[in-house]
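Take a look at the structure below.
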Amino acid sequence: MEEKWTYWFEELGKDAIWVAGKKCANLGEMARAGLPVPPGFAISIRAYERFVEETGAAQEIRDYFRDLGDGPKNILVYEKASREIREIVQSKAIPPDIQETVAQYYQALSERCGASDLPVAVRSSGPVSMPGQFDTYLNVIGVEELNGKIVECWASTFTSQAIAFRAQKGMPVESSPIGVAIQRVVNAKSAGVGFTIHPTTGDWSKMVVEGLWGMGEAVVGGATTPDRFVIDKETSSVEKSVSAKPKQVVLKGKGTGIEDVPTEKQNVPCLEDGELQRLLELGKMLEKHYGGPQDLEWVVARDLPFPANVFLVQTRPVTTAKEKHTTTDTIIDLMLGNVFKR
Amino acid sequence: MYDITPFELDEQRDLEHYDVWLLDGTHSIPPMTPLSGWAWVQYCRSGMQYGAEMLSLPTCKGWDWRLHDHCIYLTPLVVTSEEEVKQREQVFRQRIAPIIEDYDKVWQGYVKEMLAMYDHAKSLDLEKASNIELMEHFEELMHINKRVWDIHMFMMYAVDGVFILFENICKTLLGIDDTNPTFHKLVRGFDNEIFQADRKLWQLSKRAIELGIADVFQSSKPNEVLPKLEGSEAGRKWSKELYAFIDQFGWRTARIFEYAEPSWVEDPSPAIMNVKQYLAKGGDFNLDDERKVLAEEREAAEKDVLSRVSEEQKGWFTALLRLAQRSSAFSEEHNLYIDLYATAVIRRGLLAIGNRLAAAGTIGHRDDIFFLIPDEIRRVCIDPANHDLRPLVARRRENWAGSLKREHPPLIGKIGFEEAVGLLVRSVDPIALKIVVGSLPVPRPELKADLYGTCGSPGIAEGRARVVYVYEDLINVQEGEILVAPATYVSWTPIFSLIKGVVVDRGASLSHAAIVGREYGIPVVMNVFTGTSAIKNGQTIRVDGNLGTVHILG
């Protein structure tokens, strides 16, 4: 395998899952296709592997599990293991040459975005889906903090859930190589999801966009019916259903927090007409690139001019209403197709 | 004989409109008393049309019914226009969804409703009730009759439809059909209400041994047992326990919707007969162990089939399997909550009216009430002494007694049996296919069998034949015999723990004989049509559930 510690997203593609994990591969595929993803780079899986071997962390973890023995384990055992192994991993420093490369990429990214020390998001990017999702750190500023968060991301593969899951599946417990995505933080004005076909009726002539003010996450404990926009792909006409949005999720420190939406904005659509048309344009690009209807996630930045403020952060093939069929529908379909058929 | 119902078969006119009328041999052989036949053709028929309509069954609107010589004849109301089928399909989607999503919630809701109706009806003091109150009670009973049939058929159409789907899916997805033991293992071994009654009876037999009174049962006829038990303290103790059982499980008659049959509440002899039979089986027989084996076999079979279903199909297949298991249990449970319970509660009221009419001389005897129809009861109930219905009863009684001896053709129509079955297939009526009519046996001369039928429950057994027409004959059944009957009924269930196999003239995979045979793990051959006439008591026969054959060995 090529010894490369960092990749620009544009260098990766959908086949790069084992190079830098799923998230990075997907972002890379989108960036390559000319879609506006927040810019960034990936730390390779190989870098993780070198880190754990070279620092002796891997050996210490193997010893730890050997001492633990094969006996039956409960969640307390895994929680203790998780705590202690994370401590082992976090006590190690990234090899100096990797640190150097990371610093170079970080600086280049900052320059690209016209900042000196660009606030970035650091996210784990595993090659396979794991339960007990690994951590995400927002608003990471400066090389030193960045190095610390990368190590924390690596250490996060040893959550008690992840250890227990790997032990149950007979996967090696001492390591679970992952990539890391370093990406410009988008201070979201609004965010949400979109479907390039109507997700319930399966109508190919419609695109459906849903969104909320802020980071777009559902506000815990509050009524969070999103605004819904049905866009006709032919005529570009939009049908809006706007909901009251009293709360929003905003960036706060290294994470997020909940704030009140100013009263005058609560009943205003979270997307302007231009932004909607831009999303329609991007939706069509996605369909063309991936060759089928897509289920996407979007963000509109607070602090950038239109149209550079509209970003895509995720896309996957849409599960249409037909595919999303509940068990009940499947059984009814079978009854109609198999029993009451003559 | 238009004086019983407007549903008497008019062989000329009814055959102009319909091609064929099929005998419901499962339910109306032997022929029903006039009042029972009247109620059956009124409410079971309207319930069927209600169920098909409420569920918006795509291909069938229920059946039309006729009475002919005290037997029931049926013809399916097939939806002929494909456009209408399409429209009905759309409504069907919405109507069946709640049952598929949460069967228990729907069914338990209905059970609650019905038990409340029965409780209300039972709360009337019949001795003290005035004639007017009895009249009102009669109308209440007829309302119960209508409502329980509506529920019965709505649920049954849904549940049987699911079961057919499960059978088909097992065939196409797993390559196992209903002659494969795995299929039967998958849907049996659940602890349903009917089985709980059997267990209580079995426990009562153990109790009789404990109390040292088992010999009373062995040396006496069922109706002599209770008086003899009155002589000892242990005996009185046992009787008390029996009555506690009867209170809970005794609202049942020997035959569903035949009001002329006594219920266990009036006469617990059938329960005592079952206890006798459990005692005859000997001390080491353990019903619970047998059930446990079935439950374990089911779990193993589930594991086996689920390992053969792909990941994508596992979700809906598992849900379908659970529903099919519920379907099998429903087939037994609905009998308890609807067929048996309603019959017993209605009979209770009818007997009170019968007593009142007999006392006034309107009829000669209490049981003559079963030879009247509702409008006649309404006519005389408030002032019975001014009416004499004895000649009418005598005429009907004579006619009915004659019908017991007469032959009843399996179909009346312009077309033959095979074409008639084709019509049923076109109706895709789940109840017709799964309970009443079943599939047509295919004679296979190479097997050199004496009778050809279909598989109700797999397995092979050889033994002495015992031909039983009516419930009272069950007392003659000896352990290890093979039961031969026109059909079996839910009150016959306990006998299945004694016998080695079953042959029934009529039935399909969700009729009583199949379900209970499956639960007891004995072979059942169904739809042989002429079993009760071809097989003689005491002959040795071999039944092969897998092949659906019966050999008479001599």
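Among all residues of segment B:531-554, there is none that is under 17 Å from the mean Cα position of the chain (by Cα) and part of a strand (DSSP E or B). Elements of the type helices (runs of 4 or more DSSP H) sitting completely within segment B:67-176 and holding at least 1 residues that are more than 14 Å from chain A (Cβ to nearest Cβ) and either touching a Leu at 6+ places or on another chain (Cβ under 7 Å) or of a type in the set (Gly, Ala, Ser) (or both): these cover B:103-122, B:131-169.
Of all residues in segment A:286-309, those being out of contact with any Ser or Thr (no Cβ under 7 Å at 6 or more places or on another chain) and farther than 15 Å from A:LEU27 by Cα number 12. Of B:LEU474, B:LEU483, all but one fail to be buried (at least 19 other Cβ atoms within 10 Å of the Cβ), among the aliphatic types (A, V, I, L, M), out of contact with any helix residue (DSSP H, G or I) (no Cβ under 6 Å at 6 or more places or on another chain) and touching a residue at least 12 places away in the same chain (Cβ under 8 Å); the exception is B:LEU483. Taking each residue of segment B:257-279 that is acidic (Asp, Glu) and looking for partners that are in a loop (DSSP other than H, G, I, E, B) with beta-carbon atoms closer than 8 Å, six or more apart or interchain, yields B:GLU258/B:MET32; B:GLU258/B:THR33; B:GLU261/B:ALA254; B:GLU261/B:ARG255. Taking segment B:395-432 as the range and being of a type in the set (A, V, I, L, M, F, W, C) and free of Cβ contacts under 8 Å to residues at least 12 places away in the same chain as the test, the residues that pass are B:ALA401, B:VAL425. Among the criteria (1) closer than 22 Å to B:LYS221 by Cβ; (2) in contact with a Phe, Trp or Tyr (Cβ under 9 Å, 6 or more places away or on another chain); (3) crowded, with 22+ Cβ neighbours inside 10 Å, the one B:ILE495 does not fulfil is (2). Somewhere in segment B:37-45, is a residue out of contact with any helix residue (DSSP H, G or I) (no Cβ under 9 Å at 6 or more places or on another chain) and either in a loop (DSSP other than H, G, I, E, B) or at positive phi (or both)? No, segment B:37-45 has no match at all.
Of all the listed residues (B:ALA358, B:ALA271), the sole one being at pLDDT below 95 and either buried (at least 20 other Cβ atoms within 10 Å of the Cβ) or assigned by TED's automatic domain parsing to the domain that holds B:LEU124 (or both) is B:ALA271. Checking each residue in segment A:263-296 for being assigned to a helix (DSSP H, G or I), closer than 14 Å to A:GLU210 by Cα and in contact with a Leu (Cβ under 8 Å, 6 or more places away or on another chain) picks out A:LEU279, A:GLY283.
Scanning segment A:230-251 for residues that are surrounded by 14 or more Cβ atoms within 10 Å (Cβ to Cβ) and part of a loop (DSSP other than H, G, I, E, B) gives A:LYS233, A:VAL242, A:SER243, A:LYS245, A:PRO246. Take the residues in segment B:8-36 that are in a helix (DSSP H, G or I) and not polar (S, T, N, Q); name whichever of them is nearest to the other protein chains (Cβ to nearest Cβ). Selected residue: B:HIS17. Evaluating B:VAL502 against the criteria (1) free of Cβ contacts under 8 Å to residues at least 40 places away in the same chain; (2) buried (at least 22 other Cβ atoms within 10 Å of the Cβ); (3) in contact with a Gly (Cβ under 6 Å, 6 or more places away or on another chain); (4) not basic (Lys, Arg) leaves one unmet condition, (1).
Looking only at residues of segment B:407-445 that are within 23 Å of the chain's Cα centre (by Cα) and charged (D, E, K, R), we find that the one that is farthest from B:HIS152 (Cα to Cα) is B:GLU407. Of the set (1) surrounded by fewer than 17 Cβ atoms within 10 Å (Cβ to Cβ); (2) of a type outside the set (A, V, I, L, M, F, W, C); (3) in contact (Cβ under 8 Å) with a residue 24 or more places away in the chain, all apply to B:TYR103 but (1).
Could you check, for segment A:133-143, whether at least one of its residues is in contact with a Pro (Cβ under 6 Å, 6 or more places away or on another chain), without any contact (Cβ under 8 Å) to a residue 40 or more places away in the chain and surrounded by fewer than 21 Cβ atoms within 10 Å (Cβ to Cβ)? Yes, some residue in segment A:133-143 is in contact with a Pro (Cβ under 6 Å, 6 or more places away or on another chain), without any contact (Cβ under 8 Å) to a residue 40 or more places away in the chain and surrounded by fewer than 21 Cβ atoms within 10 Å (Cβ to Cβ). The listed residues are A:ASP260, A:ASP329, and the only one of them that is more than 30 Å from A:SER125 (Cβ to Cβ) and either over 26 Å from the mean Cα position of the chain (by Cα) or surrounded by 20 or more Cβ atoms within 10 Å (Cβ to Cβ) (or both) turns out to be A:ASP329. Going by the conditions given, is A:GLY337 modelled with pLDDT under 90, in a loop (DSSP other than H, G, I, E, B) and more than 18 Å from the chain's Cα centre (by Cα)? When the stated conditions are applied, A:GLY337 does not pass them.
Restricting A:ALA103, A:ALA162 to those that are assigned by TED's automatic domain parsing to the domain that holds A:ALA57 and under 30 Å from A:LEU304 (Cα atoms) reduces the list to A:ALA103. Residue-level analysis places B:VAL425 among those that are within 14 Å of chain A (Cβ to nearest Cβ) and surrounded by 14 or more Cβ atoms within 10 Å (Cβ to Cβ).
Residue pairs whose Cβ atoms lie under 9 Å apart, sitting 6 or more positions apart in sequence or on different chains, and linking a residue in segment A:92-108 that is in a helix (DSSP H, G or I) to a partner that is of a type in the set (Lys, Arg) and surrounded by 17 or more Cβ atoms within 10 Å (Cβ to Cβ), are A:ILE98/A:ARG50. There is at least one residue in segment B:298-321 that is within 14 Å of another protein chain (Cβ to nearest Cβ), closer than 14 Å to B:PHE190 by Cα and crowded, with 16+ Cβ neighbours inside 10 Å.
The values are calculated or read from the model by the stated rules, or taken from the named source; none is laboratory data. Note that this is a predicted model, so its numbers are computed, not measured. Note that we place each Cβ from the backbone using ideal geometry, even for glycine, and neighbour counts take in every protein chain shown.
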